[in-house]
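To start, the structure under review is shown below, and the notes come after it.
The values are calculated or read from the model by the stated rules, or taken from the named source; none is laboratory data. Bear in mind the structure is a predicted one, so any value in this text is a computation, not a measurement. When we count neighbours, we look across all protein chains shown, and the Cβ atoms used for this are built from the backbone with ideal geometry, even at glycine. What goes into the accessible areas is simple: the full protein's heavy atoms, side chains included, and nothing from ligands, DNA or RNA. Shrake-Rupley method; radii C 1.70, N 1.55, O 1.52, S 1.80 Å.
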Amino acid sequence: MQSSIMSVWAVLALVAQDRLAGGLEHKSYNYTKYHTMDEISAWMNQIERENPDVVSSMMYGQTYEKRNITLLKIGFNSTTPKKAVWMDCGIHAREWIAPAFCQHFVKEILGSYKSDSKVNTLFKNLDFYITPVLNMDGYIYSWKDNTTRLWRKSRSPGTENCTCFGTDLNRNFYANWGMVGISRNCCSEIYNGPTALSEPEAKAVTDFLGANQNQILCYLTIHSYGQLILVPYGHPNISAPNYDELMEVGLAAAKVIKAVHGKSYKVGSSPNVLYPNSGSSRDFARLIGIPYSFTFELRDEGQTGFILPEDQIQPTCQEAYQGAMSIINYVHDKNFKSAAITVTATLWTTLIALWISSTSVL
């Protein structure tokens, strides 16, 4: 009996080792450093080139400065349309940890889908649409020098007599646009633009979501800082029809996050745990019927703010990955109950088979 138990543990250890090896692919890319836009673009090309069976890219818009807005589509190929999860990072230029997280997330799912039955099932039933940097113009500008490091907005010029540049893309979506938590001063960091969807970046996301709203089950937009999981809506007098469920799912994700490195994330609507706002992408996604929409505000709670040290990239991404996967797994299992049952049954069958095969040699 003792040898059979040891055999099972040996097999499980090999699986764990295989997962670890998978998670460490792309050794030439340093996931513990912040990267320029050129480096991130080259990384996207590398990811697609190295994983042709499960990764493709799609250009779905252009920035004000005419850069192509591109996402990675990840999942097994299918002859019929699949349900999907959306994730975008870098809507605010100075939040460098957000693009770092999108890259970490891609690395992790690609490194585990061959050995992790649950991730493999996700790849079968879902496509992941991941935009590592949405606000490319602003992100590039934030890398220019120390004086631009805290740039937040897009890089479109001001209208009429305004000499300031940029619109807050997360105030520019057509969701209670201009109602609360915005500024009409074009020099403000929360300027919501001359009109809703005045910014091509917000328009590109809007068009893609609109064209695929029946397929997208979950919308995740990654920001910093504050250690928060925000649910719709940003307006204090409006609640999502599934608010209670969103809170339940968000609180479960926060619990998983805390178990990784002990960091606490608050969960709630923006007015309750942060401040009122309108025109956000999170609110727009929920408004058009995408049922599960969340904003992640990653580390920290204000000690270093937007200048999160590089030695915190890995632990931040590790905990947020578990939180995001908690939400994604919930959404998947609710929509593919039979698949979830099959995975569980397969796991037990595999363990029983391992047990029988190991005892048969005693």
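For the chain, what % of the accessible area comes from carbon and sulfur atoms, probe 1.4 Å?
The nonpolar share, carbon plus sulfur, comes to 55 percent.
Mind listing the phi-derived Karplus ³J(HN,Hα) values for the stretch 298-305, rounded to whole Hz, using 6.51, -1.76 and 1.60 with θ = phi - 60°, and x for any glycine or proline?
In residue order, the calculated couplings are 6, 4, 10, 9, x, 5, 10, x Hz.
Would you list, by chain and number, the aspartates and glutamates whose Cα falls below 20 Å from the Cα of Lys153, excluding same-chain residues fewer than 8 positions away?
Asp38, Glu65, Asp88, Glu95, Asp137, Asp145, Asp168, Glu189, Glu199, Glu201, Asp283, Glu297
List the residues, sorted by chain then number, that are 5 or more residues from Asn135 or on another chain and whose placed amide H is less than 5 Å from its amide H.
Ile91
Given the options Gly210, Pro194, Thr295, identify the residue whose Cα lies farthest towards the positive end of the charge dipole of the chain (+1 on Cβ of Lys, Arg; -1 on Cβ of Asp, Glu).
Gly210
Among all cysteines in the chain, which have no other cysteine Cβ under 4.7 Å from their own Cβ?
So far as the 4.7 Å Cβ criterion goes, Cys218, Cys317 stand without a partner in the chain.
Using each residue's phi in the stretch 65-71, evaluate 6.51 cos²θ - 1.76 cosθ + 1.60 at θ = phi - 60° and report the 3J(HN,Hα) Karplus result to the nearest Hz, with x for Gly and Pro.
Those phi angles translate into 8, 6, 8, 6, 8, 10, 10 Hz.
Which entries of Lys118/Lys203; Lys73/Lys337; Lys124/Lys266; Lys33/Lys83; Lys255/Lys334 show an alpha-carbon separation above 26 angstrom in the structure shown?
The pairs that break the limit, which is 26 Å between Cα atoms, are Lys118/Lys203; Lys124/Lys266; Lys33/Lys83.
Within the stretch 126-203, which trypsin sites (Lys or Arg not before Pro) sit in a loop by DSSP and count at most 12 neighbouring Cβ atoms inside 10 Å? Walk me through the numbers before you get to the answer.
Working: sites: Lys144, Arg149, Arg152, Lys153, Arg155, Arg171, Arg184, Lys203; in loops: Lys144, Arg149, Arg152, Lys153, Arg155, Arg184.
Loop-located and lightly packed - Lys144, Arg184.
Taking N as the number of residues in the chain, what is its alpha-carbon radius of gyration divided by 2.2 N^0.38 Å? Present the calculation step by step, with values, prior to reporting the outcome.
Details: Rg = 21.3 Å, N = 362, 2.2 N^0.38 = 20.6 Å.
Rg over 2.2 N^0.38 Å, computed on Cα atoms: 1.03.
R0 = 45 Å: FRET efficiency of Glu50 with Glu160, Cβ-based, nearest 0.05?
Numbers: r = 48 Å, r/R0 = 1.08.
Rounded to the nearest 0.05, the efficiency is 0.40.
With a 10 Å cut-off between alpha carbons and a GNM built on the chain, which of Cys218, Cys164, Cys89 moves the most?
Evaluated over the chain, the most mobile residue of the options is Cys164.
Determine the calculated [θ] at 222 nm for the chain from helices alone, applying -39500 (n - 2.57) to every DSSP H run no shorter than 4 residues and normalising by the residue count; nearest 500 deg cm²/dmol.
Numbers: 11 runs with 156 residues, N = 362.
Computed ellipticity for the chain at 222 nm equals -14000 deg cm²/dmol.
At 0.36 nm per residue, minus the direct Cα-Cα distance, what do Gln62 and Tyr275 gain on full extension? Give it in nm, one decimal, please.
Value of the extension gain: 73.7 nm.
Asn77 versus Met179, label points 7 Å from Cα toward the beta carbon: distance in nm?
Inter-label distance under the simple model: 4.5 nm.
Taking amide H positions as placed 1.01 Å from N in the peptide plane, with prolines and chain starts having none, which residues 5 or more places from Gln62, or on another chain, fall under 5 Å of its amide H?
Ile69
Give me the Kirkwood hydrodynamic radius of the stretch 226-303 in Å, from all C-alpha pairs, to one decimal place?
On the way: mean 1/r = 0.0792 Å⁻¹.
Taking the inverse mean of 1/r over all distinct Cα pairs, the stretch 226-303 comes out at 12.6 Å.
Leaving out ligands and nucleic acids, and using a 1.4 Å probe, what accessible area per residue does the chain come to in Å²? Please report the intermediate quantities before stating the final value.
Details: 16040 Å² over 362 residues.
Here the residues of the chain average 44 Å² of exposed surface.
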